[in-house]
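The values are calculated or read from the model by the stated rules, or taken from the named source; none is laboratory data. All values reported here derive from a predicted model rather than from experimental measurement. All Cβ positions, even for glycine, are placed from backbone atoms using ideal geometry, and neighbour counts span all protein chains on display.
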Amino acid sequence: MSKKTDPFYDDDLNITCPITNKDVLDDCHIILEFGYGSDLDMTTYAFSPVHEEVGKKVLAYIQSLMPKNHSVEDFGTCVIDDLFGSDTPKWTDEDKKDHGLEE
């Protein structure tokens, strides 16, 4: 399906990802904050919005740095749970594999 045939497409919201130069439909926001004493002392990087694929690749990379038995999912908050309750479906192992988040 092309973006313009998507029922949620809005020509007025034509946003391009600054990293991939792709149109952003399902957006992601990445913020990195470095604290006092870091080589990047008190610097904040904000990439917003970026294409969803960028966020998924960043999560997969962080997961690749983590020791076994640890997961990026331990640091996530499901806003859907906050808004609609905790009985919403969770990611299955297959979902995690599809998005590069399996161990």
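Summary table below
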quantity: Qualifying helices (runs of 4 or more DSSP H) (wholly inside segment 5-103; at least 3 residues being surrounded by 10 or more Cβ atoms within 10 Å (Cβ to Cβ), modelled with pLDDT of 95 or more and touching a helix residue (DSSP H, G or I) at 6+ places or on another chain (Cβ under 8 Å)); calculated: 52-65
quantity: Restricting segment 40-79 to residues that are more than 15 Å from the chain's Cα centre (by Cα) and of a type in the set (V, I, T), the residue that is farthest from I19 (Cα to Cα); calculated: T43
quantity: Of all residues making up segment 23-68, the number that are in contact with a strand residue (DSSP E or B) (Cβ under 7 Å, 6 or more places away or on another chain), among the charged types (D, E, K, R) and closer than 19 Å to D98 by Cβ; calculated: 1
